[in-house]
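First up is the structure itself, then whatever we jot down about it.
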Amino acid sequence: MSIEYLKQSDAAQRRAKQLMECGEPGQACDAYLEAATQMLRFAGTQQGEKQKNALWLAEQLIEDARLAGDDAQKQNEARVAGIAAAAERKIAAAAQTPDPPAPPAQPDPPAPPVKPADPARPSPPARPEKPAETQTNNSSAISRDLKSWQQRGSRMTSDAENRMKFVPVESPNVHFSDIAGLENVKSMVRLKVIEPILHPELYERFDKTMGGGILLYGPPGTGKTMIARAVATETGLDFFSVRCSDIVGKSFGDGERNLKGLFDAARESGRAMIFFDEFESLACKRGGGSTVMNRIVPELLSQMDGFQQADGLLVVLASTNRPWDLDSAVLRPPRMTERIYVGLPDFPARHYMVKKALEELPKESLLDYDRMAEALEGFNCADIAAFVERVKEAPIRRGLREPDVPQFITVQDVEDALAASHSSVQKSDLEAFGKWEATQH
(Lines give C-alpha, C1' and ligand atoms only; values in the text may rest on other atoms or scores of the structure.)
Protein backbone atom coordinates (compact mmCIF):
# COMPACT_ATOMS: atom_id res chain seq x y z
CA MET A 1 0.00 0.00 0.00
CA SER A 2 2.90 2.38 0.72
CA ILE A 3 4.13 2.08 -2.88
CA GLU A 4 0.61 3.02 -4.05
CA TYR A 5 0.84 6.30 -2.06
CA LEU A 6 4.16 7.03 -3.76
CA LYS A 7 2.73 6.34 -7.24
CA GLN A 8 -0.27 8.56 -6.61
CA SER A 9 1.99 11.36 -5.36
CA ASP A 10 4.19 11.07 -8.47
CA ALA A 11 1.12 11.14 -10.77
CA ALA A 12 -0.23 14.23 -9.00
CA GLN A 13 3.15 15.98 -9.35
CA ARG A 14 3.24 15.31 -13.10
CA ARG A 15 -0.31 16.56 -13.44
CA ALA A 16 0.55 19.73 -11.49
CA LYS A 17 3.54 20.48 -13.73
CA GLN A 18 1.45 19.98 -16.86
CA LEU A 19 -1.26 22.29 -15.49
CA MET A 20 1.33 24.97 -14.76
CA GLU A 21 2.58 24.69 -18.35
CA CYS A 22 -1.00 25.04 -19.58
CA GLY A 23 -1.48 28.23 -17.54
CA GLU A 24 -3.81 26.74 -14.91
CA PRO A 25 -2.10 27.58 -11.58
CA GLY A 26 -5.30 27.18 -9.57
CA GLN A 27 -5.74 23.55 -10.59
CA ALA A 28 -1.99 23.01 -10.26
CA CYS A 29 -2.16 24.19 -6.63
CA ASP A 30 -4.80 21.53 -5.91
CA ALA A 31 -2.67 18.88 -7.64
CA TYR A 32 0.43 19.84 -5.62
CA LEU A 33 -1.58 19.60 -2.40
CA GLU A 34 -2.83 16.17 -3.44
CA ALA A 35 0.77 15.11 -4.13
CA ALA A 36 1.84 16.39 -0.70
CA THR A 37 -1.02 14.52 0.97
CA GLN A 38 -0.06 11.24 -0.66
CA MET A 39 3.60 11.83 0.24
CA LEU A 40 2.67 12.40 3.88
CA ARG A 41 0.71 9.15 3.85
CA PHE A 42 3.75 7.41 2.42
CA ALA A 43 5.93 8.96 5.14
CA GLY A 44 3.59 7.51 7.76
CA THR A 45 4.44 3.99 6.53
CA GLN A 46 8.22 4.54 6.65
CA GLN A 47 10.83 4.83 9.37
CA GLY A 48 14.25 6.40 9.85
CA GLU A 49 15.97 8.08 6.91
CA LYS A 50 13.26 7.17 4.41
CA GLN A 51 10.64 8.86 6.54
CA LYS A 52 12.76 12.03 6.85
CA ASN A 53 13.24 12.16 3.07
CA ALA A 54 9.51 11.69 2.48
CA LEU A 55 8.65 14.47 4.94
CA TRP A 56 11.15 16.78 3.25
CA LEU A 57 9.58 16.07 -0.15
CA ALA A 58 6.12 16.77 1.29
CA GLU A 59 7.35 20.15 2.54
CA GLN A 60 8.70 20.97 -0.94
CA LEU A 61 5.36 20.04 -2.52
CA ILE A 62 3.50 22.26 -0.07
CA GLU A 63 5.83 25.13 -1.02
CA ASP A 64 5.13 24.44 -4.71
CA ALA A 65 1.41 24.57 -3.92
CA ARG A 66 1.87 27.94 -2.20
CA LEU A 67 3.72 29.36 -5.21
CA ALA A 68 1.05 28.04 -7.59
CA GLY A 69 -1.62 29.59 -5.38
CA ASP A 70 0.17 32.95 -5.57
CA ASP A 71 0.23 32.68 -9.38
CA ALA A 72 -3.49 31.84 -9.39
CA GLN A 73 -4.22 34.92 -7.28
CA LYS A 74 -2.27 37.12 -9.70
CA GLN A 75 -4.15 35.54 -12.60
CA ASN A 76 -7.48 36.32 -10.94
CA GLU A 77 -6.38 39.92 -10.30
CA ALA A 78 -5.46 40.27 -13.98
CA ARG A 79 -8.87 38.86 -14.94
CA VAL A 80 -10.63 41.37 -12.69
CA ALA A 81 -8.59 44.17 -14.27
CA GLY A 82 -9.66 42.93 -17.72
CA ILE A 83 -13.31 42.95 -16.68
CA ALA A 84 -12.95 46.50 -15.34
CA ALA A 85 -11.33 47.59 -18.61
CA ALA A 86 -14.20 46.03 -20.59
CA ALA A 87 -16.69 47.87 -18.41
CA GLU A 88 -14.87 51.17 -18.99
CA ARG A 89 -14.94 50.57 -22.74
CA LYS A 90 -18.68 49.94 -22.64
CA ILE A 91 -19.27 53.08 -20.60
CA ALA A 92 -17.10 55.13 -22.97
CA ALA A 93 -18.97 53.75 -26.00
CA ALA A 94 -22.31 54.60 -24.38
CA ALA A 95 -21.08 58.14 -23.59
CA GLN A 96 -20.08 58.69 -27.24
CA THR A 97 -23.55 57.74 -28.52
CA PRO A 98 -25.25 61.05 -29.51
CA ASP A 99 -28.55 61.90 -27.86
CA PRO A 100 -31.59 61.94 -30.20
CA PRO A 101 -32.49 65.44 -31.47
CA ALA A 102 -35.10 67.24 -29.39
CA PRO A 103 -38.51 67.66 -31.06
CA PRO A 104 -39.31 71.22 -32.31
CA ALA A 105 -40.95 73.42 -29.71
CA GLN A 106 -44.70 73.80 -30.10
CA PRO A 107 -46.23 77.27 -29.63
CA ASP A 108 -48.35 77.67 -26.53
CA PRO A 109 -52.11 77.70 -27.22
CA PRO A 110 -53.80 81.11 -26.78
CA ALA A 111 -55.11 81.73 -23.31
CA PRO A 112 -58.93 81.65 -22.99
CA PRO A 113 -60.63 85.01 -22.37
CA VAL A 114 -61.12 85.87 -18.71
CA LYS A 115 -64.76 86.09 -17.74
CA PRO A 116 -65.66 88.98 -15.53
CA ALA A 117 -66.73 88.07 -12.04
CA ASP A 118 -70.48 87.95 -11.41
CA PRO A 119 -71.16 90.47 -8.67
CA ALA A 120 -74.38 88.71 -7.72
CA ARG A 121 -72.67 85.34 -7.23
CA PRO A 122 -71.01 84.75 -3.85
CA SER A 123 -67.36 83.76 -3.75
CA PRO A 124 -66.62 80.07 -2.83
CA PRO A 125 -65.45 79.49 0.71
CA ALA A 126 -61.67 79.29 1.21
CA ARG A 127 -60.22 75.73 1.23
CA PRO A 128 -59.21 74.82 4.77
CA GLU A 129 -55.56 74.07 5.39
CA LYS A 130 -54.60 70.41 5.99
CA PRO A 131 -53.82 69.64 9.55
CA ALA A 132 -50.17 69.15 10.52
CA GLU A 133 -50.75 65.43 11.08
CA THR A 134 -51.76 64.92 7.42
CA GLN A 135 -48.68 66.80 6.22
CA THR A 136 -46.53 64.60 8.44
CA ASN A 137 -48.13 61.46 6.98
CA ASN A 138 -47.44 62.69 3.46
CA SER A 139 -43.79 63.31 4.35
CA SER A 140 -43.51 59.78 5.73
CA ALA A 141 -45.06 58.34 2.56
CA ILE A 142 -42.62 60.28 0.39
CA SER A 143 -39.73 59.05 2.52
CA ARG A 144 -40.92 55.46 2.17
CA ASP A 145 -41.26 55.82 -1.61
CA LEU A 146 -37.77 57.35 -1.82
CA LYS A 147 -36.29 54.53 0.25
CA SER A 148 -38.10 51.95 -1.90
CA TRP A 149 -36.68 53.44 -5.10
CA GLN A 150 -33.21 53.59 -3.56
CA GLN A 151 -33.41 49.89 -2.67
CA ARG A 152 -34.68 49.06 -6.14
CA GLY A 153 -31.81 50.99 -7.70
CA SER A 154 -29.37 49.17 -5.44
CA ARG A 155 -30.73 45.80 -6.59
CA MET A 156 -30.50 46.85 -10.25
CA THR A 157 -26.89 47.97 -9.72
CA SER A 158 -26.06 44.67 -8.00
CA ASP A 159 -27.54 42.64 -10.89
CA ALA A 160 -25.53 44.69 -13.40
CA GLU A 161 -22.34 44.15 -11.40
CA ASN A 162 -22.94 40.38 -11.32
CA ARG A 163 -23.33 40.34 -15.10
CA MET A 164 -20.15 42.36 -15.51
CA LYS A 165 -18.19 39.67 -13.65
CA PHE A 166 -18.68 37.30 -16.58
CA VAL A 167 -17.43 38.28 -20.01
CA PRO A 168 -16.73 35.94 -22.93
CA VAL A 169 -13.08 35.04 -23.39
CA GLU A 170 -11.26 35.56 -26.66
CA SER A 171 -11.56 32.85 -29.30
CA PRO A 172 -9.45 29.88 -28.11
CA ASN A 173 -8.22 29.31 -31.71
CA VAL A 174 -8.44 25.52 -31.32
CA HIS A 175 -9.92 23.43 -34.14
CA PHE A 176 -11.07 19.84 -34.31
CA SER A 177 -8.17 19.14 -36.65
CA ASP A 178 -5.84 19.92 -33.73
CA ILE A 179 -7.36 17.10 -31.66
CA ALA A 180 -5.92 13.65 -32.30
CA GLY A 181 -8.42 10.79 -32.54
CA LEU A 182 -11.80 10.92 -30.77
CA GLU A 183 -13.51 10.82 -34.16
CA ASN A 184 -16.77 9.44 -32.74
CA VAL A 185 -16.85 12.15 -30.08
CA LYS A 186 -16.14 14.92 -32.59
CA SER A 187 -18.85 13.57 -34.88
CA MET A 188 -21.48 13.63 -32.12
CA VAL A 189 -20.51 17.13 -31.01
CA ARG A 190 -20.67 18.36 -34.60
CA LEU A 191 -24.18 16.94 -35.00
CA LYS A 192 -25.48 18.43 -31.74
CA VAL A 193 -23.79 21.83 -31.71
CA ILE A 194 -22.03 22.83 -34.92
CA GLU A 195 -24.40 21.60 -37.66
CA PRO A 196 -27.47 23.42 -36.22
CA ILE A 197 -25.51 26.66 -36.58
CA LEU A 198 -24.30 25.90 -40.10
CA HIS A 199 -27.67 24.55 -41.35
CA PRO A 200 -30.42 26.12 -39.20
CA GLU A 201 -33.04 25.85 -41.97
CA LEU A 202 -32.85 22.04 -41.92
CA TYR A 203 -33.40 21.87 -38.17
CA GLU A 204 -36.25 24.39 -38.35
CA ARG A 205 -37.94 22.37 -41.08
CA PHE A 206 -38.22 19.36 -38.78
CA ASP A 207 -38.88 21.53 -35.70
CA LYS A 208 -35.70 20.21 -34.08
CA THR A 209 -34.69 22.04 -30.94
CA MET A 210 -31.28 23.67 -31.16
CA GLY A 211 -28.96 24.37 -28.26
CA GLY A 212 -29.33 22.64 -24.92
CA GLY A 213 -26.85 20.89 -22.68
CA ILE A 214 -24.08 18.38 -23.40
CA LEU A 215 -22.04 16.51 -20.78
CA LEU A 216 -18.53 15.30 -21.65
CA TYR A 217 -17.33 12.71 -19.17
CA GLY A 218 -14.34 10.41 -18.96
CA PRO A 219 -10.91 9.98 -17.34
CA PRO A 220 -8.80 13.10 -16.74
CA GLY A 221 -6.44 14.29 -19.44
CA THR A 222 -8.40 12.93 -22.42
CA GLY A 223 -9.14 16.22 -24.22
CA LYS A 224 -12.56 17.27 -22.90
CA THR A 225 -11.52 20.90 -22.42
CA MET A 226 -9.88 20.93 -25.88
CA ILE A 227 -13.17 19.79 -27.42
CA ALA A 228 -15.04 22.64 -25.72
CA ARG A 229 -12.52 25.17 -27.01
CA ALA A 230 -12.75 23.74 -30.52
CA VAL A 231 -16.56 24.04 -30.45
CA ALA A 232 -16.27 27.70 -29.44
CA THR A 233 -13.76 28.38 -32.24
CA GLU A 234 -15.63 26.62 -35.03
CA THR A 235 -19.08 27.99 -34.14
CA GLY A 236 -18.05 31.55 -33.33
CA LEU A 237 -20.21 31.48 -30.20
CA ASP A 238 -19.30 33.74 -27.31
CA PHE A 239 -17.35 31.43 -24.99
CA PHE A 240 -17.93 31.69 -21.23
CA SER A 241 -15.46 29.34 -19.47
CA VAL A 242 -16.37 28.82 -15.80
CA ARG A 243 -15.08 26.86 -12.83
CA CYS A 244 -16.61 26.30 -9.41
CA SER A 245 -14.29 28.90 -7.84
CA ASP A 246 -15.75 31.54 -10.18
CA ILE A 247 -19.25 30.90 -8.79
CA VAL A 248 -18.93 30.14 -5.08
CA GLY A 249 -18.25 33.27 -3.00
CA LYS A 250 -17.45 34.10 0.59
CA SER A 251 -20.78 35.69 1.56
CA PHE A 252 -24.21 34.12 1.92
CA GLY A 253 -26.01 34.03 -1.44
CA ASP A 254 -22.94 34.85 -3.57
CA GLY A 255 -23.18 31.57 -5.46
CA GLU A 256 -26.80 32.07 -6.48
CA ARG A 257 -26.19 35.69 -7.52
CA ASN A 258 -23.10 34.75 -9.54
CA LEU A 259 -24.97 31.98 -11.37
CA LYS A 260 -27.76 34.38 -12.27
CA GLY A 261 -25.23 36.96 -13.44
CA LEU A 262 -23.47 34.36 -15.62
CA PHE A 263 -26.65 33.19 -17.36
CA ASP A 264 -27.94 36.76 -17.74
CA ALA A 265 -24.67 37.73 -19.46
CA ALA A 266 -24.99 34.73 -21.82
CA ARG A 267 -28.61 35.58 -22.62
CA GLU A 268 -27.67 39.16 -23.44
CA SER A 269 -25.07 37.82 -25.87
CA GLY A 270 -27.76 35.89 -27.78
CA ARG A 271 -25.33 33.34 -29.28
CA ALA A 272 -23.27 31.93 -26.46
CA MET A 273 -21.81 28.79 -24.96
CA ILE A 274 -21.20 28.31 -21.24
CA PHE A 275 -18.52 25.73 -20.46
CA PHE A 276 -18.40 24.33 -16.92
CA ASP A 277 -15.07 22.64 -16.19
CA GLU A 278 -15.02 20.06 -13.37
CA PHE A 279 -18.82 20.18 -13.30
CA GLU A 280 -19.07 17.77 -10.36
CA SER A 281 -17.70 20.44 -8.02
CA LEU A 282 -20.65 22.73 -8.85
CA ALA A 283 -23.54 20.33 -9.51
CA CYS A 284 -22.81 17.69 -6.88
CA LYS A 285 -25.53 15.60 -5.26
CA ARG A 286 -27.66 17.39 -2.71
CA GLY A 287 -28.31 16.16 0.79
CA GLY A 288 -24.73 16.24 2.04
CA GLY A 289 -23.28 18.47 4.71
CA SER A 290 -22.71 21.47 2.40
CA THR A 291 -25.56 23.95 2.74
CA VAL A 292 -23.90 26.10 0.07
CA MET A 293 -24.25 23.41 -2.60
CA ASN A 294 -27.77 22.59 -1.43
CA ARG A 295 -28.68 26.19 -2.38
CA ILE A 296 -26.57 26.48 -5.54
CA VAL A 297 -27.84 23.35 -7.30
CA PRO A 298 -31.53 24.48 -7.34
CA GLU A 299 -30.46 27.85 -8.72
CA LEU A 300 -28.38 26.09 -11.40
CA LEU A 301 -31.38 23.93 -12.37
CA SER A 302 -33.61 27.01 -12.59
CA GLN A 303 -31.14 28.89 -14.77
CA MET A 304 -30.63 25.91 -17.10
CA ASP A 305 -34.41 25.61 -17.54
CA GLY A 306 -34.60 29.30 -18.41
CA PHE A 307 -31.65 28.90 -20.75
CA GLN A 308 -33.65 26.43 -22.83
CA GLN A 309 -36.52 28.90 -23.24
CA ALA A 310 -34.36 31.91 -24.16
CA ASP A 311 -34.26 33.42 -27.63
CA GLY A 312 -31.16 32.87 -29.74
CA LEU A 313 -28.73 29.96 -29.70
CA LEU A 314 -27.49 29.11 -26.21
CA VAL A 315 -25.48 26.00 -25.35
CA VAL A 316 -24.32 24.57 -22.03
CA LEU A 317 -21.26 22.31 -22.26
CA ALA A 318 -19.88 20.63 -19.14
CA SER A 319 -17.01 18.24 -18.45
CA THR A 320 -16.46 15.93 -15.50
CA ASN A 321 -14.18 13.11 -14.37
CA ARG A 322 -16.76 11.90 -11.83
CA PRO A 323 -20.25 11.77 -13.39
CA TRP A 324 -21.56 9.58 -10.54
CA ASP A 325 -21.15 12.55 -8.19
CA LEU A 326 -23.56 14.74 -10.21
CA ASP A 327 -27.05 15.48 -8.96
CA SER A 328 -29.54 13.35 -10.91
CA ALA A 329 -31.76 16.36 -11.66
CA VAL A 330 -28.92 17.98 -13.63
CA LEU A 331 -28.68 14.97 -15.94
CA ARG A 332 -32.37 15.02 -16.84
CA PRO A 333 -33.27 16.20 -20.38
CA PRO A 334 -33.50 18.88 -21.63
CA ARG A 335 -30.89 20.21 -19.19
CA MET A 336 -28.37 17.64 -20.43
CA THR A 337 -29.72 16.20 -23.66
CA GLU A 338 -26.51 14.33 -24.49
CA ARG A 339 -23.84 12.53 -22.47
CA ILE A 340 -20.69 11.77 -24.44
CA TYR A 341 -17.91 9.53 -23.13
CA VAL A 342 -14.41 10.83 -23.92
CA GLY A 343 -12.13 7.86 -23.45
CA LEU A 344 -8.40 7.25 -23.64
CA PRO A 345 -6.70 7.91 -27.00
CA ASP A 346 -6.72 4.94 -29.35
CA PHE A 347 -3.75 3.67 -31.40
CA PRO A 348 -4.11 6.15 -34.31
CA ALA A 349 -4.44 9.04 -31.85
CA ARG A 350 -1.36 8.00 -29.88
CA HIS A 351 0.61 7.54 -33.12
CA TYR A 352 -0.42 11.00 -34.32
CA MET A 353 0.50 12.66 -31.02
CA VAL A 354 4.03 11.26 -30.68
CA LYS A 355 4.81 11.72 -34.37
CA LYS A 356 3.62 15.32 -34.39
CA ALA A 357 5.67 16.07 -31.25
CA LEU A 358 8.95 14.43 -32.35
CA GLU A 359 8.94 14.46 -36.15
CA GLU A 360 10.60 17.89 -36.60
CA LEU A 361 13.19 17.49 -33.82
CA PRO A 362 16.86 16.50 -34.41
CA LYS A 363 17.04 12.69 -34.50
CA GLU A 364 19.89 10.29 -34.93
CA SER A 365 17.80 7.89 -36.99
CA LEU A 366 14.21 7.17 -37.89
CA LEU A 367 12.09 6.52 -34.81
CA ASP A 368 9.57 3.71 -34.59
CA TYR A 369 6.32 5.62 -33.92
CA ASP A 370 4.28 2.41 -34.11
CA ARG A 371 6.36 0.94 -31.28
CA MET A 372 5.80 4.06 -29.16
CA ALA A 373 2.05 4.16 -29.82
CA GLU A 374 1.76 0.48 -28.90
CA ALA A 375 3.75 0.88 -25.66
CA LEU A 376 1.66 3.90 -24.60
CA GLU A 377 -1.64 2.02 -24.55
CA GLY A 378 -3.66 3.00 -21.49
CA PHE A 379 -2.04 6.44 -21.27
CA ASN A 380 -4.10 9.62 -21.42
CA CYS A 381 -3.10 12.69 -23.44
CA ALA A 382 -1.33 14.30 -20.48
CA ASP A 383 0.69 11.12 -19.84
CA ILE A 384 1.77 11.00 -23.50
CA ALA A 385 2.83 14.66 -23.35
CA ALA A 386 4.92 13.84 -20.25
CA PHE A 387 6.55 10.93 -22.11
CA VAL A 388 7.51 13.22 -24.99
CA GLU A 389 9.10 15.66 -22.53
CA ARG A 390 11.20 12.82 -21.07
CA VAL A 391 12.44 11.94 -24.55
CA LYS A 392 13.55 15.55 -25.08
CA GLU A 393 15.35 15.73 -21.73
CA ALA A 394 17.94 13.03 -22.59
CA PRO A 395 19.76 14.87 -25.43
CA ILE A 396 19.52 18.12 -23.46
CA ARG A 397 21.34 16.54 -20.50
CA ARG A 398 24.05 15.22 -22.80
CA GLY A 399 24.39 18.64 -24.40
CA LEU A 400 24.90 20.24 -21.00
CA ARG A 401 27.71 17.78 -20.24
CA GLU A 402 29.27 18.04 -23.72
CA PRO A 403 28.34 21.47 -25.12
CA ASP A 404 30.62 21.12 -28.16
CA VAL A 405 29.11 17.84 -29.37
CA PRO A 406 25.90 17.98 -31.48
CA GLN A 407 23.12 16.03 -29.81
CA PHE A 408 20.20 14.10 -31.29
CA ILE A 409 17.29 12.02 -30.03
CA THR A 410 18.23 8.35 -30.17
CA VAL A 411 16.27 5.11 -30.08
CA GLN A 412 17.74 4.46 -26.63
CA ASP A 413 16.36 7.80 -25.43
CA VAL A 414 12.90 6.64 -26.47
CA GLU A 415 13.29 3.27 -24.76
CA ASP A 416 14.53 4.89 -21.55
CA ALA A 417 11.59 7.31 -21.56
CA LEU A 418 9.13 4.45 -22.11
CA ALA A 419 10.63 2.56 -19.19
CA ALA A 420 10.30 5.60 -16.91
CA SER A 421 6.75 6.53 -17.98
CA HIS A 422 3.62 5.24 -16.27
CA SER A 423 -0.07 5.86 -16.86
CA SER A 424 -1.80 8.07 -14.29
CA VAL A 425 -5.16 6.46 -15.12
CA GLN A 426 -6.30 3.94 -12.52
CA LYS A 427 -7.98 0.77 -13.67
CA SER A 428 -10.58 1.22 -10.95
CA ASP A 429 -11.55 4.60 -12.47
CA LEU A 430 -12.22 3.03 -15.87
CA GLU A 431 -14.32 0.32 -14.22
CA ALA A 432 -16.27 3.00 -12.35
CA PHE A 433 -17.27 4.64 -15.64
CA GLY A 434 -18.60 1.33 -16.92
CA LYS A 435 -20.63 0.78 -13.76
CA TRP A 436 -22.09 4.29 -13.92
CA GLU A 437 -23.05 3.92 -17.59
CA ALA A 438 -24.86 0.69 -16.74
CA THR A 439 -27.07 2.58 -14.26
CA GLN A 440 -28.08 5.18 -16.85
CA HIS A 441 -30.00 2.83 -19.15
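Sorting the segments 252-260, 49-57, 232-240 by their residues' average number of neighbouring beta-carbon atoms within 10 angstrom, most packed first, yields 232-240, 252-260, 49-57. Calculate the FRET efficiency for K50 and I396 from the Cβ-Cβ distance with a Förster distance of 35 Å, rounded to the nearest 0.05. According to the calculation, E is roughly 0.70. Candidate cross-link partners of K17 among the aspartates and glutamates, defined by an alpha-carbon separation under 12 Å and a same-chain spacing of 8 or more, comprise D30, D64, D383, E389. For the range 181-334, the average shadow cast by the Cα convex hull is 9.2 nm², which is a quarter of the hull's surface. Residue ranges 370-381, 406-417 sort as 370-381, 406-417 when ordered by packing (mean number of other C-beta atoms within 10 Å per residue, highest first). The lysine pair tally for the range 289-441, using Cα distances under 29 Å and a gap of 8 or more places or different chains, is 8. The share of accessible area on the range 165-265 that comes from carbon and sulfur is 52 percent, using a 1.4 angstrom probe. Spin-label model, A432 to S328: label points 7 Å out along the Cα-to-beta-carbon direction sit 2.0 nm apart. Full extension of the segment from I62 to A78, taken as 0.36 nm per residue of separation minus the current Cα-Cα distance, would add 3.3 nm. When R332, R350, R295 are compared by accessible surface with a 1.4 Å probe, the order from highest to lowest is R332, R295, R350. Remark: the range 176-181, residue by residue, has Karplus-estimated 3J(HN,Hα) of 4, 5, 7, 9, 7, x Hz, where x stands for each Gly or Pro and the curve is 6.51 cos²θ - 1.76 cosθ + 1.60 at θ = phi - 60°.
The values are calculated or read from the model by the stated rules, or taken from the named source; none is laboratory data. It should be emphasised that the depicted structure is a prediction, and the values quoted were computed from it without experimental measurement. Note that we place each Cβ from the backbone using ideal geometry, even for glycine, and neighbour counts take in every protein chain shown. In case anyone asks, the SASA skips ligands and DNA or RNA and just uses the protein heavy atoms, side chains included. Shrake-Rupley method; radii C 1.70, N 1.55, O 1.52, S 1.80 Å.
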